[in-house]
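Below is one structure; the comments refer to it alone.
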Amino acid sequence: MADTLDFACSVNGEPRRLRVRSDQRLIDVLRHDLRLTGTKEGCGKGECGSCTVLVDGQAVNSCLMLAYQADGTAVQTIEGLARGDRLHPIQEAFVEHGASQCGICIPGMIMAAKAFLDRTSSLATPEQIRGALAGNLCRCTGYTKIFTAVSRVPASRSPAPLAPEPAAPLYFRPRSLEEALEILIQRSGEVRPIAGGTDILVAAKDGKANLASLFDLTAVPELRGIEEVGHDLRIGAAVTHAEIVASPLVARHCPALPIACGWVGGPQIRNRGTLGGNIAHGSPAADTVPPLYVADARVEVVSVSDRRDVMISDFFTGPRQTVLAPDELIVAVRIPKRTGVRGAFLRLGQRQAQAISKVSVAVAMTFRGGQPEWARVALGSVAPTVIRAPETERALLAGGYEGLKRAMEAIRNEVRPIDDIRSNREYRREMAAVLLERAIRQIAEA
Ligand code: FES
Ligand code: FES
């Protein structure tokens, strides 16, 4: 059963203290409680972007956030853009270029464009605009005019409005790791942690998860941050995909990981989805996991009484199954630093953005005197869990065209793909070899 709780946020610059049910999504509170109906619900699953609002200046899908997860933040909706009778420059550009047809997608498009333009210092390129709006669908297919409108708006860095102090009860939003672990022990079996929520809220929409049983980890400082600790790079479990994409440290020590994070969902999903959540979900198609395999990463797991490091390759026991006990949380991922490592990540999906991988390949290599010295290859979506390909790795060490030819042969034998709704086993087997070849070419040219 859902509880009632109070939390604090600002909405369009106005401080608010809101009383909500613990299972209410942000979109529900905006549309029904606050009557801000400019925010639209299309899919309710993070696929269309019509519900996009800004939280602390970042575009998010309000259908994939529990309302109380906005505690202590500044929320901006489409209603907050115009100043009296004066439209915001992005709205003016949409009007001027006829970028709206039925209009359902437009508030989400404009909010996603605002988040992007607020962070862009010069006139945006078409490629950047397409990337910024990759999480937004227009069913009227008015993309050309929408992209034109966005391209005509000068970039303006408007600061995010001030947010109030958080006010949600610790029980729903613990402020320390200790508090979070206590909740797991005290309500064992009754509650589940949530971070970005980009998987659980989709499952809830399909009736497969109970939103009332969730508590939020995003205010736990021990789960945040990317830092060098001794011989390791440590990435907190609640670090988002967008933060990893932007991190020079991750690019240096685990080059395949930011590439993979850049493929996860659209910008709204990358702003909310976390590395720890992607791992805990246990999907063999999780894009972040093959790069962690090739980096020999360890998953740092804690409970009230214990702390352990689990090799990423030992963490998964089957599709959506892991060794994580009910009283444990993932706090971080540790990646051994390796000098001069080069990496690549490639994947095939049904379409470019917002698609689950049919096959993915991550490669990491080091070289000495131009010859391969160390190689790791891992694949997603070709077995019940992500797998390493040791024969392929050995073949790559031979170097040159001969090594690549042998590696492509080896990888066809090492994958164990299945037929499913997204693809069939023969296609996946062949594409694993093709992606490997492309990955090796990228690494050679890096
Ligand atoms: Fe489609 Fe939220 S309603 S992404
Ligand atoms: Fe109709 Fe985009 S204008 S969905």
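Only the coordinates and a few stated rules stand behind these numbers; no lab work does. Bear in mind that the values here come from a model prediction, so they are computed numbers and not experimental data. All Cβ positions, glycine included, derive from the backbone under ideal geometry; neighbour counts span all protein chains shown.
Simple spin-label model, 7 Å along Cα-to-Cβ: Ala246 to Arg320 in nm?
3.3 nm
May I ask you to compute the full-extension gain from Cys140 to Glu409, defined as 0.36 nm times their residue separation minus their alpha-carbon distance, rounded to one decimal in nm?
Full-extension gain reported as 92.3 nm.
For Arg394 and Asp420 in the same chain, what is the full-extension length gain: residue separation times 0.36 nm, less their Cα-Cα distance, in nm?
6.3 nm
Remind me, relative contact order of segment 1-169 in percent, using alpha carbon pairs under 8 angstrom and six or more residues apart?
Details: 348 pairs, mean separation 49.7, N = 169.
It comes to 29 percent, rounded to a whole number.
What's the angle, to the nearest 10 degrees (0 to 90), between helix 400-414's Cα axis and the longest principal axis of the chain?
Result, in degrees: 70.
FRET efficiency for Ser151 and Glu182, Cβ-Cβ distance as r, R0 = 41 Å, nearest 0.05?
With a Förster radius of 41 Å, E is 0.20.
How do Trp374, Trp263 rank when sorted from fewest to most other Cβ atoms within 10 Å of their own Cβ?
On the way: Trp374 15, Trp263 21.
Ordered from fewest to most neighbouring Cβ atoms within 10 Å, Trp374, Trp263 come out as Trp374, Trp263.
Tell me the net charge near Leu133. Cut-off is 13 Å between Cβ atoms, Leu133 excluded, with +1 for each Lys or Arg and -1 for each Asp or Glu.
Here the charged neighbours net out to +2.
Just to verify a number: FRET efficiency for Leu170 and Val229, C-beta to C-beta distance, R0 = 41 Å, to 0.05?
Approximately 0.90, to the nearest 0.05.
Quick check on the chain: of the DSSP beta bridges with both residues there, what percent are antiparallel, nearest 5%?
90 percent
How big is the antiparallel share of DSSP beta bridges in segment 177-336, given as a percent to the nearest 5?
Of those bridges, close to 90 percent are antiparallel.
Per-residue HN-Hα couplings for segment 229-238, Karplus 6.51 cos²θ - 1.76 cosθ + 1.60 at θ = phi - 60°, whole Hz, x for Gly and Pro?
10, x, 8, 10, 9, 10, 10, x, 5, 9
Taking only DSSP H segments of four or more residues, each worth -39500 (n - 2.57), what value at 222 nm results for the chain once the sum is divided by all its residues, to the nearest 500 deg cm²/dmol?
-8500 deg cm²/dmol
Can you tell me how the chain classifies by the Cα gyration tensor, rounded, prolate or oblate, using a/c under 1.5 as the rounded cut?
Working: a/c = 1.93, a/b = 1.35, b/c = 1.44.
Note, shape of the chain comes out oblate.
Ranked highest first by average number of other Cβ atoms within 10 Å, how do 123-130, 380-387 line up? Before the final figure, lay out each step's value.
Numbers: 123-130: 14.5, 380-387: 22.9.
Peptide ranking by packing, descending: 380-387, 123-130.
Using per-residue counts of other Cβ atoms within 10 Å, averaged over each peptide, order 412-418, 326-332 from highest down.
Sorting 412-418, 326-332 by mean packing, highest first, produces 326-332, 412-418.
Once fully extended, how much extra length lies between Arg83 and Val434, figured as 0.36 nm per residue of separation less the alpha-carbon to alpha-carbon distance?
That pair, Arg83 and Val434, stretches by 121.0 nm at full extension.
Run the simple label-point estimate for Gln442 and Arg119 please: 7 Å along Cα→C-beta, distance reported in nm.
Placing both labels 7 Å beyond Cα along the Cβ direction yields 2.0 nm.
Can you pull the one-decimal nm distance between simple spin-label points at Arg368 and Lys45, each 7 Å off the Cα toward Cβ?
5.1 nm
Let me check I've understood the local charge: for Asp306, count other residues with C-beta under 13 angstrom from its C-beta, Lys and Arg +1, Asp and Glu -1. What total comes out? Let's see the in-between values first.
On the way: positive: Arg307, Arg308; negative: Glu300, Asp309, Asp327, Glu328.
Charge balance near Asp306 sits at -2.
List, in order, the whole-Hz ³J(HN,Hα) value for each residue of segment 308-316 obtained from phi through the Karplus relation with A = 6.51, B = -1.76, C = 1.60 and θ = phi - 60°; use x for Gly and Pro.
Karplus-based 3J(HN,Hα) across segment 308-316 equals 9, 9, 10, 4, 4, 6, 9, 7, 9 Hz.
Just need the relative contact order of segment 203-258 here, percent rounded to a whole number, with Cα pairs under 8 Å and 6+ apart.
21 percent
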